[in-house]
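Note sheet for the following structure.
The values are calculated or read from the model by the stated rules, or taken from the named source; none is laboratory data. On a predicted model such as this, the values are computed, not experimentally measured, just so you know. Ideal geometry is used to build each Cβ from the backbone, glycine not excepted, and the neighbour counts take in all protein chains shown.
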Amino acid sequence: MKYIHGSPAPKVSKFNMGDLSTHFARRVHLVSREAVQIRHNALESARVAANKVLFDKYGETGYRLQLNVYPHIILRENKMIATAGADRLQEGMRRAFGKPTGRAARVHDGQSILIVYVPVDGVETAKKALDTASTKFPMRTRVVVEEVQVEEQAQPSMKAPSPPQEEEPTEAAEEVAPVVATAGA
């Protein structure tokens, strides 16, 4: 940012928690129902609340929690003096760009904010965790449960790609004549 110097660091410390290598049968989303900006401290608070509910029930390896939004937006505040005689010291709305005070994530209607991966019997606990996290957000939300397909669970093979084989040009490729542009009126 050219004009904003020293923007504060986001308070969100982790975006993926739990067991990141295991594949789970259910995916539970916390979906926004409004377009809002969510401050970084609200995102961190919701992450901690949801993680606590899941960690108490499953320990470190029984779930995966993923935060899907990042606080890119820099929030600014034009601080005003609120004492007697402040009108002589301040310039009102002149040069009112403001100092950076925090960060926020811009969230659209229908966008997933948090995703929890759990086994089949853990859907109710995941719903409870996301409901607890939703109280930290400034908008209405809904919880969506999906079944994770077997194809999505399969890890891609780490096989090196085979080198491309060169093909000999065909007769049709040799017969193509170049197009010459003519000057027009």
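What number of residues within the stretch 13-30 are among the small types (Gly, Ala, Ser), over 15 Å from Arg47 (Cβ atoms) and touching a residue at least 12 places away in the same chain (Cβ under 8 Å)?
1
Looking at Ala46, Ala35, Ala42 in this structure, which one is of a type in the set (A, V, I, L, M) and surrounded by fewer than 17 Cβ atoms within 10 Å (Cβ to Cβ)? Before the answer, list the steps.
Values: Ala46 fails: surrounded by fewer than 17 Cβ atoms within 10 Å (Cβ to Cβ); Ala42 fails: surrounded by fewer than 17 Cβ atoms within 10 Å (Cβ to Cβ).
After applying the criteria, what remains is Ala35.
Listed residues Leu20, Leu43; which is of a type in the set (A, V, I, L, M) and more than 25 Å from Ile74 (Cα to Cα)? Full working, then the answer.
Working: Leu43 fails: more than 25 Å from Ile74 (Cα to Cα).
Criteria check complete, one pass: Leu20.
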Worksheet item: In the stretch 85-144, how many are within 22 Å of Tyr58 (Cα to Cα) and outside any loop (DSSP other than H, G, I, E, B)?
Response: 23
Discussion item. Which numbered condition in (1) closer than 22 Å to Pro10 by Cβ; (2) in contact with an Asp or Glu (Cβ under 7 Å, 6 or more places away or on another chain) is the only one that Thr61 fails?
Written reply: (1)
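Condition check ((1) farther than 24 Å from Val144 by Cβ; (2) at pLDDT below 95) across all residues:
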site	(1), (2)
Val36	no, no
Asn41	yes, yes
Tyr63	no, yes
Leu67	no, yes
Tyr70	no, yes
Ile73	yes, yes
Arg76	yes, yes
Ala82	yes, yes
Leu89	yes, yes
